[in-house]
Structures are given as C-alpha cells and as structure tokens.
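Right, one structure below, let's go through it.
The values are calculated or read from the model by the stated rules, or taken from the named source; none is laboratory data. The structure presented is a predicted model; accordingly, all values stated were derived computationally and were not measured. Virtual Cβ from ideal backbone geometry, glycine too; neighbours counted across all protein chains shown. Ligands, DNA and RNA are excluded from the accessible area calculation, which covers all protein heavy atoms including side chains. Shrake-Rupley method; radii C 1.70, N 1.55, O 1.52, S 1.80 Å.
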Amino acid sequence: MDDVPERPRPDPWGRSRTLERVQELHDAPLAPLTTFRLGGPATRLVTATTDAEVIAAVREADVTGTPLLIIGGGSNLVIGDKGFAGTALVIATKGFELDGTRLELAAGEVWTDAVARTVEAGLAGVECLAGIPGSAGATPIQNVGAYGQEVSATITEVIAYDRENGETVTLANEECAFSYRHSRFKAHPERYVVLRVRFELQDADGLSGPIKYAETARALGVEPGDRVPLADARETVLKLRAGKGMVLDPEDHDTWSAGSFFTNPILTDEQFAAFHARVRDRLGDGAEPPAYPAGAGHTKTSAAWLIDKAGFTKGYGNGPARISTKHTLALTNRGAATTEDLLALAREVVSGVREAFGITLVNEPVTVGVSL
Ligand code: EPU
C-alpha cells in the first residue's frame with residue numbers, strides 16, 4: 001500500500017461521505033466499499049466527486065486499455081478474493097436538484113437518503129423504494145424495484161457517458177429498455193457510465209402513489225390501489241424490509257448481503273406447467289408455487305420460495321457464509337467469510353434448487369473476477 005494519508009472515503013454504510021477532490025490509492029482494499037465486505041484489492045482506486053472527474057478517469061482507463069470497475073454504493077457487487085487488476089472508480093458525485101415535480105440526482109447520491117428527501121418534499125413516486133441500499137446511479141441499471149414500485153415508472157432521462165463513442169448522452173426512458181431488473185445499461189455493462197438520473201414525481205397532496213403490493217397494503221391496513229400519507233408508506237416499507245434483514249446495519253451480520261442474491265425466475269407457460277408438476281410431485285397434490293403475471297405467456301415465480309422448499313431454510317449453513325435468518329433470498333457474510341465461501345453457498349443453492357425443481361437461479365449482484 002502506498003504511503004498516502006488516510007482521507008475520508010465514501011462507504012456503503014453511509015459514514016464519512018465528505019470528499020473534496022479526486023483521491024487515488026494503490027493496492028487498495030475493496031471489501032470495505034461493498035455491503036458484503038468481501039473482495040481483494042484493486043491495483044488502483046480512484047474516487048471522483050464531479051462528472052468531469054468521472055469522465056476523465058473513464059477516458060484515461062479506456063485510452064490506456066486499463067480494466068475499469070465502477071463502484072457506486074457497493075450494494076450489488078461480489079468481488080473475487082484476488083481483487084481487481086485495474087482501476088476501480090468510486091462514483092462519489094453529489095447533487096439533489098428539485099424543480100417542482102422534477103428531480104435530478106447525481107449518480108453518487110445515496111439512494112435511500114434521496115428517497116427520504118422526496119418524501120419530505122411531499123412528492124410521490126419512489127416512496128416504496130425506501131431503504132434500498134446503493135447509489136442513485138445504480139438504480140436505472142437494474143431497474144431497481146420493490147413493494148410495487150420500479151424506478152422505470154418515474155425516470156424520464158438518464159445522462160450517461162458512452163465509452164464506445166466517447167461522449168455524454170441523454171437517454172429518454174423509452175431508450176433505456178427497462179424490464180424486470182434489467183435495462184440497456186445492464187445489457188451493455190462495458191458501454192455506459194451513469195452520471196445523472198432525472199425523475200418526474202407526482203404532487204398528490206402529500207399522498208403516496210397507489211399501494212400495489214399486497215403485503216404493503218396489508219401492513220398499512222388499506223386495499224391495494226389506495227393511497228396513504230407518503231411518510232406512512234415509506235415507514236411501512238422500511239419496517240417490512242428490516243423484518244426481512246434487507247436494511248443495512250453494520251452491527252448486524254444478518255444484513256451483510258447484497259439484498260436479493262437471485263432474481264425471481266420468469267417462466268414461459270410451458271415451463272411453468274412442467275415446474276408446477278414437479279412442485280406437486282415433491283410437495284404434494286395441493287402445493288401451489290407463487291405465481292405472478294409477467295407479460296403475455298409468462299409467469300414469475302419466487303426465488304425465495306424455491307430456495308426454501310428445496311431445503312435451504314432461513315439461517316441455512318454452518319460456515320462463515322449463510323442464508324439470512326430473515327429471508328432465504330439474502331446470502332450473508334457472518335463476518336469472516338471469503339468470496340469463495342459465499343460462492344460455494346450460492347452454488348450449493350443453485351444446484352439444490354435445480355435438482356428439486358428443474359429451475360436454474362440466476363444471480364442478481366454483479367460478479368467481478370469470479371462467477372457462479
Ligand atoms: N418466501 C419464502 N421464504 C422466505 C421469504 C419469502 O418462501 O424466506 C416466499 C414467500 O412465498 C413470499 C415470496 O417468497 O411471498 C416473495 O417474497 P418477498 O415478498 O419478500 O419478495 P421477493 O420476491 O423475495 C422481491 C425483490 C426484493 C424486494 C421485494 C419486495 C427480487 C429479486 N427481489 O423479493 O428486492 O424488496 O420483492 O418488493 O425481485 C433486491 O432486489 O435486492 C430486493 C431486496
């Protein structure tokens with residue numbers, strides 16, 4: 001490690017976020033920058049606090065042919081134990097600009113803080129996305145969604161640096177190709193670096209958007225489709241998430257995770273029929289798997305349910321990487337895990353679910369230098 005003075009750095013747990021200028025470290029540990037607290041060092045770690053610094057760092061890497069790893073909130077990253085041979089770039093830009101119902105966020109803004117501010121401002125549209133760890137710039141990449149809201153419903157434009165053409169582009173919502181946990185940015189991970197995200201929120205006299213998720217409606221004591229005071233919606237979601245271990249707490253290893261580790265499988269009607277038959281074979285004639293409509297001819301089922309019913313119940317595992325005690329979809333680092341420990345558990349879950357139900361789960365977090 002180079003002999004450089006220790007300066008405050010952004011970290012996913014929200015501490016010491018002040019940074020005045022570009023900071024550069026060598027052979028720098030990446031684990032503290034991820035919510036899993038896993039992964040080896042980067043050859044070089046650069047922290048950028050303005051769009052110009054982000055673009056300069058990306059251009060330099062591209063011109064010199066240096067591999068580049070973009071780090072936002074670190075909440076969706078599984079970095080290999082060997083680390084990253086190249087430049088890791090932390091996006092630490094700041095900017096929360098509200099103009100009427102229009103909001104522009106710099107990519108480096110802490111998402112959950114931005115949500116809190118929209119609720120305080122009395123605007124609806126992202127209140128059910130409270131408590132989701134990570135940065136604002138990461139939200140369009142996998143079309144972040146929870147409790148009946150998805151960012152694709154409120155994003156109007158994404159401003160990104162296009163590494164292929166070496167220019168900054170503004171992509172309208174329709175150009176972002178949003179779908180369930182997917183987008184144009186996720187489809188071309190090497191091409192775009194998100195700089196800013198623009199949203200159109202709603203002024204509904206202090207009320208939330210329609211509460212669509214059944215579990216949230218139940219917790220609020222309303223019918224799906226009703227609106228409630230914004231702060232109630234946000235607080236209820238935070239409570240539900242905390243109950244599932246899905247709100248970061250540095251003191252609680254049950255939350256040292258990347259949220260959902262697997263996406264919910266989307267099956268064709270034919271695949272669903274075959275799956276349904278296997279469920280009845282295995283769990284008895286009355287067994288019904290969760291099924292949610294997912295577009296014409298498609299049904300989404302629940303990865304958490306599959307994992308549970310394949311025998312990986314809450315708290316599964318004896319090693320340093322285990323399934324969360326509160327939700328089967330969150331794999332956790334109990335403090336002393338390595339990335340290999342985590343991947344071994346993930347592989348065990350994938351093969352167990354495949355054997356039980358014939359479905360191959362796909363990881364949701366991005367893997368760096370490793371794969372499942
Ligand atoms: N279930 C189990 N065991 C468990 C937990 C859940 O069997 O331990 C079953 C239940 O049948 C339950 C169903 O799974 O009804 C669905 O669970 P939940 O409502 O918690 O939703 P999810 O599909 O597991 C998704 C998102 C979450 C988001 C919640 C709430 C994905 C991959 N995950 O989880 O997003 O917070 O809905 O909307 O789409 C994330 O992406 O990191 C994330 C946390």
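In the range 221-232, which residues are open to solvent by less than 50 Å² (accessible area, probe 1.4 Å), under 17 Å from LEU129 (Cβ atoms) and either within 13 Å of the ligand (Cβ to nearest atom) or out of contact with any strand residue (DSSP E or B) (no Cβ under 9 Å at 6 or more places or on another chain) (or both)?
ALA231
Only residues that are open to solvent by 20 Å² or more (accessible area, probe 1.4 Å) and among the hydrophobic types (A, V, I, L, M, F, W, C) were counted in the range 288-309, giving 4. Restricting LEU248, LEU267 to those that are open to solvent by less than 20 Å² (accessible area, probe 1.4 Å) and either assigned by TED's automatic domain parsing to the domain that holds ALA304 or assigned to a loop (DSSP other than H, G, I, E, B) (or both) reduces the list to LEU267. Residues in the range 275-287 that are open to solvent by 60 Å² or more (accessible area, probe 1.4 Å) and among the aliphatic types (A, V, I, L, M): LEU283 only. THR338 falls short on exactly one of the conditions (1) touching an Asp or Glu at 6+ places or on another chain (Cβ under 9 Å); (2) of a type outside the set (A, V, I, L, M, F, W, C); (3) open to solvent by less than 50 Å² (accessible area, probe 1.4 Å), and that condition is (3). Under the condition of being away from the ligand (no atom under 12 Å from the Cβ) and open to solvent by less than 30 Å² (accessible area, probe 1.4 Å), the residues counted in the range 251-264 number 1.
The listed residues are THR332, THR367, THR325, and the only one of them that is in contact (Cβ under 8 Å) with a residue 24 or more places away in the chain, assigned to a strand (DSSP E or B) and open to solvent by 40 Å² or more (accessible area, probe 1.4 Å) turns out to be THR367. Under the condition of being buried (at least 18 other Cβ atoms within 10 Å of the Cβ) and within 16 Å of the ligand (Cβ to nearest atom), the residues counted in the range 189-212 number 3. From the set of residues in the range 307-329 that are near the ligand (Cβ under 8 Å from one of its atoms) and β-branched (Val, Ile, Thr), which is nearest to VAL350 (Cα to Cα)? Result: ILE307.
When ILE55, ILE141 are checked against the criterion of being at pLDDT 95 or above, within 16 Å of the ligand (Cβ to nearest atom), open to solvent by 20 Å² or more (accessible area, probe 1.4 Å) and outside the structural domain of ALA337 (by TED's automatic domain parsing), a single residue qualifies: ILE141. What do you reckon, is VAL247 out of contact with any His (no Cβ under 7 Å at 6 or more places or on another chain), more than 25 Å from ALA114 (Cβ to Cβ) and not polar (S, T, N, Q)? For VAL247, the condition - out of contact with any His (no Cβ under 7 Å at 6 or more places or on another chain), more than 25 Å from ALA114 (Cβ to Cβ) and not polar (S, T, N, Q) - is not met.
Step by step: first the residues of the range 189-222, then only those that are outside any loop (DSSP other than H, G, I, E, B) and basic (Lys, Arg), then the one that is farthest from the chain's Cα centre (by Cα). Which residue is that? Among those that are outside any loop (DSSP other than H, G, I, E, B) and basic (Lys, Arg), it is ARG218.
Within the range 144-157, which residues are more than 9 Å from the ligand (Cβ to nearest atom) and either small (Gly, Ala, Ser) or open to solvent by less than 30 Å² (accessible area, probe 1.4 Å) (or both)? Of everything in the range 144-157, those that are more than 9 Å from the ligand (Cβ to nearest atom) and either small (Gly, Ala, Ser) or open to solvent by less than 30 Å² (accessible area, probe 1.4 Å) (or both) turn out to be VAL151, SER152, ALA153, THR154, ILE155.
Against the definition (within 14 Å of the ligand (Cβ to nearest atom), assigned to a loop (DSSP other than H, G, I, E, B) and within 29 Å of ALA296 (Cβ to Cβ)), how does LYS186 come out, yes or no? For LYS186, the condition - within 14 Å of the ligand (Cβ to nearest atom), assigned to a loop (DSSP other than H, G, I, E, B) and within 29 Å of ALA296 (Cβ to Cβ) - is not met.
Pick from the range 270-306 the residues that are aliphatic (A, V, I, L, M) and part of a helix (DSSP H, G or I): which of them is nearest to the ligand (Cβ to nearest atom)? Result: ALA304.
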